[in-house]
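Asks: Just passing along the structure, written as structure tokens.
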Amino acid sequence: MSTSKQERVAVYPGTFDPVTYGHLDIIRRSAKQFDRLIVAVLNNTSKNPLYTVEERKELLTEVTQDIPNVEIDSFRDLLVRFMKSKQANVIIRGIRSVTDFEYELQLASTNHLLDNEIDTMFMMTNPKYSYLSSSIVKEIAQFEGEVRELVPPVVEKRLREKYKAKAAGRD
């Protein structure tokens, strides 16, 4: 008698503009809990991102290449539809503060209303990254501040290049 165990698939959605050590902390910890973790870059048309969706996917692919069960993708539809297309039923969300929790609870409740087979798993960010956001990283990098402790080396390099190009009017 054979029993087929269903693969446990989770999605960690976000803008990742750019990916930080806080994001990587959540990715690494989540990947240990699931057979497959899909890090899904949101193509949010209401935001004005520094990096294109393709650039964000490239950076995420590079910084997660050592985690075999992580795959990088993107979406521009409702998250619950994307989840169904990937046969995933758990959304991973990182929480840095009480303020994050209130917002994330609204999203989780809405997603559950749209599809009651999808659950949201909240992960507390490592306390050393509790202040960290992509917005803070971009602001520091824009003014040529030190971001070495906040993002992986490849991201730091690409941030410098991106802001240098912007300053030269090439981007």
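The values are calculated or read from the model by the stated rules, or taken from the named source; none is laboratory data. All figures in this text were calculated on a predicted structure; none of them were measured in a lab. Every residue, glycine as well, gets a Cβ built from its backbone with ideal geometry; the counts of neighbours run over all protein chains shown. For accessibility, only protein heavy atoms count, side chains too; no ligands or nucleic acids. Shrake-Rupley method; radii C 1.70, N 1.55, O 1.52, S 1.80 Å.
Asks: Identify all residues within region 140-153 that are touching a residue at least 12 places away in the same chain (Cβ under 8 Å) and either of a type in the set (S, T, N, Q) or more than 21 Å from P13 (Cα to Cα) (or both); write none if there are none.
Replies: First pass over region 140-153, keeping only residues touching a residue at least 12 places away in the same chain (Cβ under 8 Å): 141-142, 144, 147, 149-152.
Residues satisfying the conditions are A141, Q142, E144, V147, E149.
Asks: Also: Can you tell me which of I95, I140, I118 is of a type in the set (A, V, I, L, M, F, W, C) and within 17 Å of the chain's Cα centre (by Cα)?
Replies: Just one listed residue meets the conditions, I95.
Asks: For region 108-139, what are the residues that are without any contact (Cβ under 8 Å) to a residue 24 or more places away in the chain and open to solvent by less than 50 Å² (accessible area, probe 1.4 Å)?
Replies: A108
Asks: Looking at F75 and the list (1) more than 18 Å from V9 (Cα to Cα); (2) in contact (Cβ under 8 Å) with a residue 60 or more places away in the chain, which single condition is not satisfied?
Replies: (1)
Asks: On to the next question. Given the conditions (1) part of a loop (DSSP other than H, G, I, E, B); (2) under 18 Å from L42 (Cβ atoms), which single one is not true for I91?
Replies: Every listed condition holds for I91 apart from (1).
Asks: Can you give me the number of residues within region 6-19 that are over 12 Å from T64 (Cα atoms), in a loop (DSSP other than H, G, I, E, B) and touching a residue at least 60 places away in the same chain (Cβ under 8 Å)?
Replies: 6
Asks: OK, next. Kindly indicate the residue of region 46-84 that is open to solvent by 80 Å² or more (accessible area, probe 1.4 Å) and outside any loop (DSSP other than H, G, I, E, B) and also nearest to N111 (Cα to Cα) among those meeting that condition.
Replies: Result: R81.
Asks: Give the number of residues within region 140-163 that are open to solvent by 100 Å² or more (accessible area, probe 1.4 Å), over 21 Å from I27 (Cα atoms) and in a loop (DSSP other than H, G, I, E, B).
Replies: 3
Asks: Could I ask something else about it? Tell me, please, whether a residue that is open to solvent by less than 40 Å² (accessible area, probe 1.4 Å), among the charged types (D, E, K, R) and either in contact with a strand residue (DSSP E or B) (Cβ under 9 Å, 6 or more places away or on another chain) or touching a residue at least 60 places away in the same chain (Cβ under 8 Å) (or both) can be found in region 30-43.
Replies: Going residue by residue through region 30-43, those that are open to solvent by less than 40 Å² (accessible area, probe 1.4 Å) are 30-31, 34, 37-41.
So of that shortlist, the ones also among the charged types (D, E, K, R) come out as none.
There is no residue in region 30-43 that is open to solvent by less than 40 Å² (accessible area, probe 1.4 Å), among the charged types (D, E, K, R) and either in contact with a strand residue (DSSP E or B) (Cβ under 9 Å, 6 or more places away or on another chain) or touching a residue at least 60 places away in the same chain (Cβ under 8 Å) (or both).
Asks: While we're here: Which of (1) modelled with pLDDT of 95 or more; (2) touching a helix residue (DSSP H, G or I) at 6+ places or on another chain (Cβ under 6 Å) is the odd one out, the single condition R29 does not satisfy?
Replies: (2)
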